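Report on the structure given below.
A short reminder: the numbers here are calculations on the coordinates, not readings from a lab. Computed from a predicted structure; not experimentally measured. Cβ atoms come from the backbone with ideal geometry, glycine included; neighbour counts cover every protein chain shown.
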Amino acid sequence: MNLDDLLVRLGEWLKGEGPNSEIVMSSRIRLARNLDRIPFTHWADKKEKENVLEALKNALKENEFLQGGIFLLMKEIDELDRVFLLERHLVSHEFIQKPDSKAVVISTNEVVSGMINEEDHLRLQVMQSGFNLRGALDISQRIDQFLSERLNFAFSSEWGYLTACPTNVGTGLRASVMLHLPVLVFTKQINKVIQAITRLGLTARGFYGEGTEATGNFFQISNQVTLGQREEDIVDNLERIIRQVVEYEQNARQMVMSQERERITDRIRRAYGILKNAYIISSNETIELLSQVRLGVDLGIIKDIDRRQLNELFIFIQPAHLQKLEGKKLTAQQRDVKRAQLIRSKLGVV
């Protein structure tokens, strides 16, 4: 596989399947690990980081989940390809800033990716479609066990796994789900929900995680603390709270369909009409409109497109994807024209 192969396929986590997939777009488990007796990435010199890269590359490429996948040295790909990986949620914002001594390993189905020399020596990510934290946790634990048999990780009997950021010390695990909550936003209940989950020790971020704002009614909700908790306890707690949020959104959807059917139908149909007829459209406007259409599909108001097709559009209308599809760099206006063209094509408009 190579990077361009991702242009003609969707990652497993974007299938639009799995438990509660009408509300939970994806589930993710991320593990932070550092090699023993080597300074954390921000303190390590170039030789130390290169040694980390080599050791982790060799171990990761031997793992069954990553065999036959993609291995990329970040300094060998251009800025467009680095942003392309970010748009697919395979790397972080911080990771693409300074490419030297960094690499990413990606499984063939994009379920697993490993960032080498991010904030920690290794950030291992496992993603699943729908509300499936258990499935993601199982894969991450199997890979972690595999790596632990081959590498010595920085570990304290008192504190657990040692990490660059104190909030990750302990299990080094961050569990998160991507939720689509358009009706909680529509009914102005979302702020109360976010405040409640914050009081319960969780945090809410935007579509691209840390440092991003919520767009398209998508919220990434995750645990904040890993110290003093088992991996299973972290996942149990997150699952329990997410089930309540899912129930709130489900109840809100039932309410608007019984009390404000015409208003919500009009909103959804207008969004669908703009997407099918626009000739110039920005990425932010597109995401907001696709959010409404996705709700329409889930409510049975729109029947000629499915959730998988919409998930694909959420990714492929992003700037780097559009430019890779076109095979050249585009200006902002050219991207807006190409985006509208792509949407009309996907929605069956000549």
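Ranking LEU3, ILE38, ASN51 by how far each Cα lies toward the positive end of the dipole of segment 1-52 (charges on Cβ) leaves ILE38 at the top.
Taking all Cα-Cα distances within the chain, those exceeding 33 Å account for 29%. Qualifying trypsin sites (Lys or Arg not before Pro) in segment 285-350, where qualification requires a DSSP coil assignment and no more than 16 other C-beta atoms within 10 Å, comprise LYS303, LYS328, LYS329. Counting neighbouring Cβ atoms within 10 Å and putting the fewest first, the residues GLU17, GLU79 line up as GLU79, GLU17.
Charged side chains reduced to their Cβ positions (Lys and Arg at +1, Asp and Glu at -1) give segment 250-350 a dipole of some 260 debye around its Cα centre.
Selection among SER148, ASN109, GLN309 by position relative to the dipole of the chain gives GLN309 as farthest towards the positive end (Cβ unit charges, Cα centre). Per-residue 3J(HN,Hα) values for segment 22-35, derived from phi via the Karplus relation 6.51 cos²θ - 1.76 cosθ + 1.60 with θ = phi - 60°, read 6, 10, 9, 5, 7, 10, 9, 10, 10, 10, 9, 9, 10, 6 Hz in sequence order (x marks Gly and Pro). With the gyration tensor restricted to C-alpha atoms of segment 94-207, the semi-axes of the equivalent ellipsoid amount to 29, 18, 16 Å, longest first. Spatially, segment 255-273 and segment 1-73 are offset by 40 Å when compared through their Cα centroids.
Shown is the FRET efficiency for ASN152 and GLN309, computed with R0 = 45 Å from the Cβ-Cβ distance and rounded to the nearest 0.05: 0.45. Its Cα gyration tensor gives segment 29-179 an equivalent ellipsoid. The semi-axes, each the square root of 5 times an eigenvalue, are 20, 20, 15 Å from largest down.
Across the chain, the relative contact order, built from alpha-carbon pairs under 8 Å that are at least six residues apart, equals 19 percent.
Only Lys, Arg, Asp and Glu carry charge here, each on its Cβ (+1 for the first two, -1 for the last two); on that basis the chain has a dipole of about 1020 debye about its Cα centre.
More than 20 angstrom separation, counting every C-alpha pair in segment 261-346; what % is that? Cα-Cα pairs of segment 261-346 separated by over 20 Å account for 31 percent.
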